[in-house]
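**Student:** Take a look at this one; I'll ask things after.
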Amino acid sequence: MNTKKQLTLNSFLIFYIIQASQIGVGVLGIPRVLYQETKQDAWIVIILSGLILSFILLIMIYTLKKFNDKDLFQIHGILFGEIIGKIINTILILYFLSAFYSIMSEYIELVISWGNEGVYYWFPAFVLIVLSIYGVFGGVKVVAGICFITFWFTFWLILLLPLTFDHFIFERIAPIFNTPVVDIGQGMLKTTYSLLGFECILFIYPFVKDKTKVFRFTLLGIWFTLLLMLSLTIVSILFFSPNHLKHTIWPILNMMSIVRLPFIERFEYIAVSFWILIIYSNLTLFLWIASKGIKRVFKLRQKKGVYVSGILIFILSFVINDRDSTEKFSDFVNYFGFCLWICYPIFLFLITKVKKV
């Protein structure tokens with residue numbers, strides 16, 4: 001059997017992989033976070049963040065093209081040598097394991113706070129870890145397939161927006177262009193946190209068949225996420241009073257409470273349960289990247305790397321398992337992710353130029 005053919009992905013799947021890697025629990029709360037920083041100008045911040053991400057993506061793709069079929073783990077070995085390359089790659093592995101736990105813990109907090117008080121933290125963590133391990137064992141094609149399927153579970157969010165129109169007060173979107181530059185910058189920083197995930201292209205790239213279309217589909221994936229976030233933010237601003245939006249942790253779920261169906265009274269509870277299908281693509285993708293890194297750095301079979309990752313994450317669930325510690329941990333992961341995937345690609349680009357690769 002042709003192994004190379006078995007491992008290649010159609011380029012259009014990159015769109016689904018990128019949007020799935022970006023849409024997680026954060027999208028349910030981002031309108032509140034942005035409104036606290038930038039008020040009615042939150043939508044402007046999202047567009048500006050999209051332009052910055054597009055520029056960073058351009059740099060990433062340029063760097064990848066210089067190394068043909070190599071992923072970022074291999075590129076580090078070429079640019080910095082074996083020892084320094086392994087140190088940097090170990091940091092990346094720890095980041096993706098931390099991002100996995102951050103996403104998982106935020107979802108568990110959401111489940112517990114939304115009608116499941118008293119549930120032991122370790123139990124949902126164990127279930128999510130086992131499901132993620134099972135998905136990663138299928139390989140990169142199965143992971144891409146999970147991302148493809150979860151896209152259609154995300155799309156229904158847009159279909160719910162018309163149900164909120166009767167509650168809009170359009171005066172709430174004004175005035176615009178009234179936010180200080182410092183607050184705009186802070187808002188862009190927090191928007192970027194929610195858009196992290198597009199860096200997965202640095203590890204998926206070698207598996208794509210037609211690499212000339214990678215930039216196009218990655219860009220489409222990023223802007224789909226941005227437009228979804230933009231729509232939800234504008235709708236939240238029009239729907240909630242300013243004071244209410246500032247103090248509503250999960251505004252999107254609160255809006256879903258107005259949905260009434262003949263056979264479902266509390267639709268938001270269905271949405272919370274349903275959201276596991278959306279974060280599942282995040283978890284499998286990040287676990288796959290981390291296990292791939294373990295294979296490259298420590299020369300372990302990827303299957304063993306998945307088991308090691310799962311055990312480490314499960315142990316962490318006994319250490320960081322309350323709202324305060326989870327929030328602090330997620331803030332650290334987000335800040336480190338910003339430095340890693342917004343600033344570091346520029347540094348890598350400059351190193352590539354200096355070494356004339």
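The values are calculated or read from the model by the stated rules, or taken from the named source; none is laboratory data. Everything quoted here is computed from the prediction, not taken from an experiment. Cβ: placed from backbone, ideal geometry, glycine included. Neighbour counts: every protein chain shown. Note: areas computed on protein heavy atoms with side chains; ligands, DNA, RNA excluded. Shrake-Rupley method; radii C 1.70, N 1.55, O 1.52, S 1.80 Å.
**Student:** So is residue 161 at pLDDT below 90, among the aliphatic types (A, V, I, L, M), closer than 18 Å to residue 234 by Cβ and open to solvent by less than 30 Å² (accessible area, probe 1.4 Å) or not?
**Tutor:** So residue 161 passes the test.
**Student:** Name the single residue, out of those in region 10-21 being of a type outside the set (A, V, I, L, M) and open to solvent by 10 Å² or more (accessible area, probe 1.4 Å), that is nearest to residue 282 (Cα to Cα).
**Tutor:** Selected residue: 16.
**Student:** Being assigned to a helix (DSSP H, G or I), over 16 Å from the mean Cα position of the chain (by Cα) and either aliphatic (A, V, I, L, M) or modelled with pLDDT of 95 or more (or both) is the requirement here; does residue 103 meet it?
**Tutor:** no
**Student:** Exactly one condition in (1) acidic (Asp, Glu); (2) farther than 29 Å from residue 312 by Cβ; (3) open to solvent by less than 40 Å² (accessible area, probe 1.4 Å) is not met by residue 69; state its number.
**Tutor:** Result: residue 69 passes all but (3).
**Student:** Same structure, new question: I'd like to check something: does region 123-143 contain any residue that is loosely packed, with under 15 Cβ neighbours inside 10 Å and at pLDDT below 85?
**Tutor:** No.
**Student:** How many residues are at pLDDT below 85 and more than 13 Å from the chain's Cα centre (by Cα) when one looks only at region 1-32?
**Tutor:** Matching residues across region 1-32 total 9.
**Student:** Sticking with this one: From the residues in region 311-357 that are open to solvent by less than 30 Å² (accessible area, probe 1.4 Å) and not in a helix (DSSP H, G or I), which one is modelled with the lowest pLDDT?
**Tutor:** The qualifying residue modelled with the lowest pLDDT is 320.
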